[in-house]
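Student: A single structure is presented below for examination.
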Amino acid sequence: MSKMNLPNKLTIFRVILIVPFVMLLLGGEAGWFGNNVLIPNMIALAVFIIASLTDLVDGKIARKYNMVTNFGKFMDPLADKLLVCSAMIALIELKRIPAWIVIIIIAREFIISGFRLVASDNGVVIAASYWGKFKTTFQMVMVCLMLINVPGVETWWPWLNVLTQVIMWIALALTIISLIDYLVKNKGVLKEQK
């Protein structure tokens, strides 16, 4: 087995960061770190941002230095989904996002993953679209805003709740638009081969 390259190590690091992120987020609300919810939330936010940045860095390094591997092609998008979905599921527990929105977002990920699986069986590669990239960006911004938006913060930033809601609705709209875009562009993938 070949040695693990830097982009793949960054991807694995992103997956590992999910554990302290979720522990800080849920533990902060449960009082594991004392009565101050803001501090563990801010540390969780920092961990989430670091994990999100590894997504930008690993892909650029892999492409620039020709370090693209099958492991990276498989694990990189999976790590992104695990990070964002873990964050949103934890935020449901904290009553910061409605469960039905998270269900739509996760359902979209399952549908696209299924499409990609069928496509790869037929020798077709479904590339990431701009809609999908916008969707991921807005979902990550939404999670960051929801991490900041703890009780008491509205006294410092009264507009934060409104901004968080607007970004949440944009992320949901982009989730649906990107799903429709994938389905329309790749509808031939589901046709039976003769």
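Student: Looking for something more than 23 Å from ARG116 (Cα to Cα), in contact with a helix residue (DSSP H, G or I) (Cβ under 7 Å, 6 or more places away or on another chain) and open to solvent by 40 Å² or more (accessible area, probe 1.4 Å) - is there at least one such residue anywhere in the range 76-90?
Tutor: yes
Student: Name the residue, out of LEU45, LEU24, that is in contact with a Cys (Cβ under 8 Å, 6 or more places away or on another chain) and either in a helix (DSSP H, G or I) or open to solvent by 80 Å² or more (accessible area, probe 1.4 Å) (or both).
Tutor: Going through LEU45, LEU24 in turn, the sole match is LEU45.
Student: Cβ-Cβ under 6 Å, sequence separation 6+ or interchain: first residue in the range 120-140 and of a type in the set (Val, Ile, Thr), partner not in a helix (DSSP H, G or I). Which pairs?
Tutor: ILE126/ASN186
Student: Another question about this same structure. Can you tell me how many residues within the range 91-112 are open to solvent by less than 70 Å² (accessible area, probe 1.4 Å) and either of a type outside the set (D, E, K, R) or over 15 Å from the mean Cα position of the chain (by Cα) (or both)?
Tutor: Result for the range 91-112: 14.
Student: Shifting gears a bit: Quick check on ILE180: is it touching a Leu at 6+ places or on another chain (Cβ under 8 Å), over 30 Å from GLY31 (Cβ atoms) and either in a helix (DSSP H, G or I) or modelled with pLDDT of 85 or more (or both)?
Tutor: no
Student: With the structure loaded, tell me whether THR175 is of a type in the set (Ser, Thr, Tyr) and within 15 Å of MET88 (Cβ to Cβ) or whether it fails that test.
Tutor: Against the criterion (of a type in the set (Ser, Thr, Tyr) and within 15 Å of MET88 (Cβ to Cβ)), THR175 qualifies.
Student: Which ones in the range 94-137 are of a type in the set (Gly, Ala, Ser) and within 21 Å of LEU56 (Cα to Cα)?
Tutor: Answer for the range 94-137, where residues must be of a type in the set (Gly, Ala, Ser) and within 21 Å of LEU56 (Cα to Cα): SER113, ALA127, ALA128, SER129, GLY132.
Student: Please enumerate the residues belonging to the range 120-168 that are among the aromatic types (Phe, Trp, Tyr), surrounded by fewer than 19 Cβ atoms within 10 Å (Cβ to Cβ) and closer than 19 Å to LYS81 by Cα. Let's see the steps before the verdict.
Tutor: Within the range 120-168, the subset among the aromatic types (Phe, Trp, Tyr) is 130-131, 134, 138, 156-157, 159.
Then keep just the ones that are surrounded by fewer than 19 Cβ atoms within 10 Å (Cβ to Cβ); that gives 130-131, 134, 156-157, 159.
Answer for the range 120-168, where residues must be among the aromatic types (Phe, Trp, Tyr), surrounded by fewer than 19 Cβ atoms within 10 Å (Cβ to Cβ) and closer than 19 Å to LYS81 by Cα: TYR130, TRP131, PHE134.
Student: When only residues in the range 30-41 that are in contact (Cβ under 8 Å) with a residue 24 or more places away in the chain and assigned to a helix (DSSP H, G or I) count, which is farthest from ALA90 (Cα to Cα)?
Tutor: Ranking the candidates gives LEU38 first.
The values are calculated or read from the model by the stated rules, or taken from the named source; none is laboratory data. Since we're looking at a predicted model, the values are computed, not measured. Glycine also receives a Cβ, built like all others from the backbone with ideal geometry; neighbour counts cover every protein chain displayed. Please note that ligands, DNA and RNA were not included when accessible areas were found on the heavy atoms of the full protein model with its side chains. Shrake-Rupley method; radii C 1.70, N 1.55, O 1.52, S 1.80 Å.
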